[in-house]
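Report on the following structure.
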Amino acid sequence: MTSPEPAHTDPLAALRTPDDPACDVYLTGTVFLDIVFTGLDSAPVRGTESWARGMGSSPGGVANMATALARLGLRTSLAAAFGDDHYGEYCWDTLERGEGIDLSYSRTVAGWHSPVTVSMAYEGERTMVSHGHEPPPAEPAPKCPPRARAAVASLTPGIAAPWVGEAARKGTRIFADVGWDETGRWDLAGLGDLGQCEAFLPNAEEAMRYTGTSCPRAAAHALTEHVPVAVVTLGADGAYAVDGRTGETASVPAIEVAALDPTGAGDVFVAGFVTGTLAGWPLADRLAFAGLTAALSVQEFGGSLSAPGWSEVAAWWRQIQAYEERGAQDPAALERYAFLGPLLPGTSRPWPLRRAVPTIGFGGAA
C-alpha cells in the first residue's frame with residue numbers, strides 16, 4: 001500500500017497555543033473493512049455473474065470520517081474496537097501508520113471478527129451488503145473522551161451516547177449527522193444528544209422529515225430552534241446552512257464532477273465543514289469547502305481511500321484556474337473558492353488523482 005502524501009497544510013496553525021488539547025477531533029464508532037467494486041454497468045442480476053472494472057479495499061465505517069479529517073491536517077483521535085483477524089490488523093495499520101490517526105483509545109478484541117461491507121457502485125449510486133458479529137460489550141472509553149477541540153457524533157433515534165454530553169461539558173464542540181430513522185417516527189425529541197451539539201448536518205430528506213417541512217431551506221431554519229448551526233445537504237443542488245445565533249445564511253452550489261463512487265462523500269462533507277469551523281472561516285466558506293472536498297471524493301474509489309488532502313484541493317484549484325473557458329462550471333461558483341489560495345501547498349500532484357488502491361495481501365498498488 002502507498003501511504004498518502006502528508007497534508008502539507010495545517011489549517012489551525014495560526015490558532016495553536018501550548019495549552020491546546022493534543023487532539024483536534026475525537027470520534028468513536030465501528031470500523032468496517034470496505035471492499036468496493038466499481039465500473040459495473042448495472043446492478044447485479046439474480047442468477048448471473050457480473051464483472052467489475054475496478055476494486056479497492058480500505059477501512060470503512062467511522063474510519064471514513066477519521067481519514068477525511070486527518071488528510072485535511074486535523075489531529076484526529078479514534079476510539080474503536082478492532083478484530084484480531086487479518087482484516088482488523090490491516091485496518092489498524094492503515095489508519096495508524098498510513099493516515100497518522102491516534103488509536104491510543106482503541107483496542108483489539110480477541111476472538112472478534114471484523115465487520116465487512118461489500119459496496120457495488122453503478123450509475124452514480126451504490127448497493128451494499130454487510131456482515132458482522134455482535135459488537136464487543138463495551139466500547140473503548142465511551143464515557144470518558146479525551147479533551148479535544150471538536151468531536152463528530154452520529155445520532156441514533158431513541159439512544160443517547162454518554163460520551164457526547166461528557167465531551168460537551170469539557171468544552172468540545174460537537175458536530176452531528178444522523179442516519180435514516182428506521183422507526184419512521186422522525187421525532188427530534190428522540191435525538192437526545194442534539195441539544196449538546198453545535199452543528200447538525202442532515203441531508204434534505206432527513207431534515208424535512210424531522211421538521212415536518214416541505215422545503216430544505218425551511219427545514220434548516222426550523223432546526224436552528226434545536227441546534228445553533230443547521231447544514232442541509234442538497235445533493236446535486238449543493239448545500240444550505242443557517243447560523244441561528246447570528247441569523248447568517250449561506251447557499252453554495254455543487255461542484256460538477258464525474259462521479260466514480262459516492263461511498264463516504266457525506267463523511268468527507270462533514271470533515272470539510274468541521275475543518276473550516278475550527279479554522280474560524282465564515283459560514284459560506286465552510287460550506288463551500290465541505291462541498292468541494294465531497295465532490296473531489298466521489299471521483300475516487302471507496303470511502304477512506306477517496307478522502308482528499310490539501311494536495312488534491314490545490315491541484316483542482318490550479319487546473320480550474322488554467323481553464324480559459326472553465327469547462328461546464330459556473331465561473332461565479334468557482335470564484336468563491338479563491339479564499340483557499342493562501343492555504344494551498346506550493347506543490348501538488350496532477351489532478352484528477354488516482355490513488356494507489358490497496359488489495360489486502362499485496363504491498364504495492366493494485
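Just so you know, all these numbers are worked out from the coordinates, no wet-lab data involved. Quantities reported herein were computed from a predicted structural model and do not represent experimental measurements. Quick reminder, even Gly has a Cβ in these numbers, built from the backbone with ideal geometry, and neighbours come from all protein chains shown.
Figures for the structure shown
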quantity: For segment 114-221: rounded, prolate or oblate by the Cα gyration tensor [a/c cutoff 1.5]; calculated: oblate
quantity: Under Karplus coefficients 6.51, -1.76 and 1.60, residue-wise ³J(HN,Hα) of segment 63-79 in Hz, glycine/proline x; calculated: 5, 4, 5, 4, 5, 4, 5, 5, 5, 8, x, 8, 6, 10, 10, 10, 10
quantity: Segment 196-256 versus segment 18-66: alpha-carbon centroid distance in Å; calculated: 26
quantity: Cα gyration tensor category, rounded, prolate or oblate, for segment 267-320 with a/c compared to 1.5; calculated: oblate
quantity: Amide H within-cut-off set for residue 61, under 5 Å, with H built and near neighbours excluded; calculated: 32
quantity: Mean projected area (nm²) of the alpha-carbon convex hull when segment 9-55 is viewed from all directions; calculated: 6.9
quantity: Fully extended contour minus Cα-Cα distance, from residue 110 to residue 237, at 0.36 nm per residue; calculated: 41.1 nm
quantity: Spatial separation of Cα centroids for segment 168-183 and segment 72-101, in angstrom; calculated: 22
quantity: Cβ crowding within 10 Å averaged over residues, with 154-167, 38-51, 281-294, 81-94 ranked highest first; calculated: 281-294, 81-94, 154-167, 38-51
quantity: Within segment 93-244, percent of DSSP bridges classed antiparallel, to nearest 5; calculated: 55
quantity: Shape call, segment 48-141: gyration tensor on alpha carbons, a/c limit 1.5; calculated: oblate
